[in-house]
Amino acid sequence: MKWSKAFIPTLKEDPKEAETPSHRLLLRAGFVRQHQSGVYIFLPLGWRSMLKVMQIIREEMDAIGAQEMMLPALTSAKLWEESGRWEAFGDDMFRLKDRKDHDMALAPTHEEVMTDLARVYLRSYRDLPQIWYQMQTKFRDEPRPRAGILRVREFIMKDSYSFDATWEGLDHSYELHRKAYKKIFDRCGLKYTIVKASSGLMGGSQSEEFMVVAPSGEDRLAICEECGYSANVEVAQAEASAPPESPFKKREKVYTPDVRSVEEVSAFLNVSPALIVKSLLYTDGEKWILVMIRGDHEVNDAKLAKALGPDVRMASPDEVMDRFGMPVGFVGPIGIEVDEIIADKALKGMKGAVVGANEEEHHIVGVDIENDVKIDRFEDIRTVVEGDRCPNCGAPLKVVNAIEIGHIFKLGTKYSESMGAYFTDKDGSRKPIIMGSYGIGVGRILAVAVETYHDENGISWPITIAPYEIDIIEIDPRKTADVTEKLYSGLLNAGVDTIWDDREATAGFKFKDADLIGYPLRLVVSPRKVKEGVVELQFRRDGSRTDIPIDSAVEKIAEIVSEMREKASR
RNA sequence: CGGGGCGUAGCGCAGUUUGGUUAGCGCGCUUGGUUCGGGACCAAGAGGUCGGUGGUUCGAAUCCACUCGCCCCGACCA
């Protein structure tokens, strides 16, 4: 491509709406443009990179025997009603009606459509296993789109679905995906972590996420630098670090006027939040449950739901006032009348704790949790925090932000049973198809690559997903056109993805654009060096440069490019 | 949904507090000339429903009401 003919609208100044590096740089470098909140246009450069990512995905999916197809984005409400997700998705689903007033949805994912296809055609164990996939636009009306293409309402996803006759078969399909995903992300040059995850709305028994650590990430990971353990904090389990020695040796009620929150109590009594116990009231509408957790910890809703059942919710301050006659800030476990008291495991054996006194303006200090409180059971109901002990090796855990780029699920029979996808097994019995589902956010790969590989001058793409592999920068197009033309066509013929900056602009201008866009290689053609019979090859990643003779330049560069492609693949 | 911020030329911004004649600046764009290894210089130009609607006023970018859109934080989320 000749740059003078290309549509590459780079911006000299930072767009004001962009704060996250990937957002700012993808806009500035002319990869994407915003159409509306959470909806983006992919410009030529951005789309080239997307296509490269998609081609890598396609090759690796095909390599495990997966078959690509294309499903509709416009789907009928009927299917979603069968699985129960017409309700479950709530406002996150884009809904519309057709002219006959039928309910439709723009699909946020495709388990239902795939299962609908499977139940018609996969009738015998002989038809199994199958892996089907597509790369297609998904629609999710996110409550808060953010950070450019990181969280959007319309995005391209590679989603695949496995259909097996046995649980061992599912394990195998899952493992195939796990390996393919590693190859895909390796080839994209990304550094990622695989973590245990929550399956959330998808359902199913087991899931893992592929995460890239980045400050702008919305997910939080507990990681152990000693043994490599890592898990999403949603599901991570770890032993809490011990609280400090309590100054309160004796149990007594103290006057704590206007002091309610953990921070206030901590400041007022001059005691660590780890020695304060929060008492939270939950209810399912009939039963009342007191949940106890350390002041420096947070309740993990997913874990709590597992312990208490899905219908239990936190009571509102008004409800607590109605039922117990006191503000939530002073609720405590001693003497309160509830149906059950459940405490987080971290409270086991705790002495000298501070709890609410069940009386306005008072707290009780010096509480021996196990002896002074009638706790019905201890459960792990908190979210892991930095400093907790690694469940594998006991080292202190770190908590870091990360971006999810892939997620693999063992769905089991959730959809096959609810939607009636059964096959006839060898012995003639009728069984539900055992399913898995596997997703990759294609645009997010671009975003995390930029998050990982950028500096103050711009992006520095892994060569495998760069919009072009090399940028020929002509210092003075009038004097070197013939040499450059030969290099350009030579590189194209050698299979090197090349753009030629033939614009009438100063050298500095071209260098700045090249830095910003982040082509991994630059070939500088200057009148001075051409006279010496050489051209200069520059590397974006480390800034190094080397002169090579014009005669062997094409051959040499093709060699370097192919090495770099290999290296990105590891 | 709660909190905060923003909307003026293609982009980035000033002007709004305290209403006043022709709405400015930088970049970009057009034409001509000079330059040519890190976002060149000179000259001449073009480009605006001041997000929208309604109101107050002799007069509104500026004041008032309503409204639309965008960003950030939180809640939420696969």
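Segment A:133-166 and segment A:3-68 have Cα centres separated by 16 Å. Note: relative contact order over chain A, using C-alpha pairs below 8 Å and six or more positions apart, is 17 percent. What is the distance in Å between the Cα centres of segment A:175-193 and segment A:441-508? When both Cα centres are located, 26 Å separates them. The value given for segment A:252-379 is a Kirkwood hydrodynamic radius of 14.5 Å, derived from the mean inverse Cα-Cα separation.
Rounded, prolate or oblate for segment A:81-147? Axes are the square roots of the Cα gyration tensor eigenvalues, ordered a ≥ b ≥ c, and the cut-off for rounded is a/c under 1.5. Let's see the in-between values first.
Working: a/c = 2.52, a/b = 1.64, b/c = 1.53.
It is prolate, given that a/c is not under 1.5 and a/b is the larger ratio.
Spatially, segment A:82-118 and segment A:281-308 are offset by 33 Å when compared through their Cα centroids. Once the dipole of chain A is set up with Lys and Arg at +1 and Asp and Glu at -1 on Cβ about the Cα centre, which of A:Ala568, A:Ala421, A:Ser526 lies farthest towards its positive end? The listed residue farthest towards the positive side: A:Ser526.
Could you sort out which of A:Lys5/A:Lys529; A:Lys179/A:Lys556; A:Lys100/A:Lys431; A:Lys196/A:Lys348; A:Lys78/A:Lys179; A:Lys2/A:Lys531 sit more than 29 Å apart by Cα distance in this structure?
Numbers: A:Lys5/A:Lys529 26 Å; A:Lys179/A:Lys556 33 Å; A:Lys100/A:Lys431 37 Å; A:Lys196/A:Lys348 26 Å; A:Lys78/A:Lys179 35 Å; A:Lys2/A:Lys531 24 Å.
Pairs exceeding 29 Å: A:Lys179/A:Lys556; A:Lys100/A:Lys431; A:Lys78/A:Lys179.
Share of antiparallel DSSP beta bridges in chain A, in percent to the nearest 5? Write down the numbers at each step before the final one.
On the way: 89 of 111 bridges.
So the antiparallel bridges in chain A amount to around 80 percent.
Considering only A:Met93, A:Val312, A:Val152, and ranking their Cα positions along the charge dipole of chain A that arises from unit charges at the beta-carbon of Lys, Arg, Asp and Glu, the one farthest toward the positive end is A:Val152. A Förster radius of 60 Å, combined with the Cβ-Cβ distance separating A:Ala63 from A:Glu360, puts the computed FRET efficiency at roughly 0.35. Computed over the alpha-carbon atoms, segment A:242-327 gives an Rg to Rh ratio of 1.01, Rh here being the Kirkwood radius from the mean inverse distance. Just so you know, the Rg over Rh for chain A is 1.07, from Cα atoms, with Rh as the Kirkwood radius.
Computed from point charges on the beta carbon alone (+1 for Lys and Arg, -1 for Asp and Glu), the dipole magnitude for segment A:202-250 about its Cα centre is near 400 Debye.
Assigning unit charges at the beta carbon (Lys, Arg +1; Asp, Glu -1) and nothing else, what dipole magnitude in debye, to the nearest 20, does segment A:127-254 show about its Cα centre? The partial results should precede the final answer.
Working: 19 positive and 20 negative charges, 123 e Å.
I would put it at about 600 debye.
Taking Cβ separations below 4.7 Å as the criterion for a possible disulfide partner, the isolated cysteines in chain A are A:Cys188.
For segment A:341-423, the spread of Cα positions along the three principal axes, ordered from largest to smallest, is 62, 33, 26 Å. Taking every DSSP beta bridge that has both ends in segment A:252-379, the antiparallel portion is near 65%. Residues in chain A average 46 Å² of solvent-accessible surface per residue, probe 1.4 Å, ligands and nucleic acids excluded. Extension gain, A:Lys179 to A:Glu225: 0.36 nm times the residue separation minus the Cα-Cα distance gives 14.2 nm.
Think of segment A:466-525 as a dipole: +1 on every Lys or Arg Cβ, -1 on every Asp or Glu Cβ, centred on the Cα centre; then among A:Ala466, A:Trp500, A:Thr480, A:Thr480 lies furthest on the positive end.
Could you tell me the calculated FRET efficiency between A:Ala6 and A:Asp368, based on Cβ-Cβ distance and R0 = 51 angstrom, to the nearest 0.05? Could you put the intermediate results ahead of the total?
Details: r = 73 Å, r/R0 = 1.44.
The value I calculate is 0.10.
If the only charges are +1 at each Lys and Arg Cβ and -1 at each Asp and Glu Cβ, what is the size of the charge dipole of chain A around the Cα centre, to the nearest 20 debye?
Values: 77 positive and 94 negative charges, 328 e Å.
Here chain A has a charge dipole of around 1580 debye.
Multiplying the residue separation of A:Ala494 and A:Lys345 by 0.36 nm and removing their Cα-Cα distance gives an extension gain of 47.3 nm. Computed over segment A:79-231, the P(r) tail beyond 27 angstrom holds 34 percent of alpha carbon pairs. Solvent-accessible area of chain A (1.4 angstrom probe, protein heavy atoms only): carbon and sulfur portion equals 48 percent. Computed from backbone phi, the HN-Hα couplings of segment A:190-196 come to 9, 9, 10, 10, 9, 10, 5 Hz, rounded to whole numbers (Karplus: 6.51 cos²θ - 1.76 cosθ + 1.60, θ = phi - 60°; Gly and Pro given as x).
The values are calculated or read from the model by the stated rules, or taken from the named source; none is laboratory data. From a predicted model like this one, the values you see are computed outputs, not experimental measurements. In this analysis, Cβ positions are derived from the backbone assuming ideal geometry, glycine residues included, and neighbour counts consider all displayed protein chains. Protein only, heavy atoms only, side chains kept; ligands, DNA and RNA dropped before computing areas. Shrake-Rupley method; radii C 1.70, N 1.55, O 1.52, S 1.80 Å.
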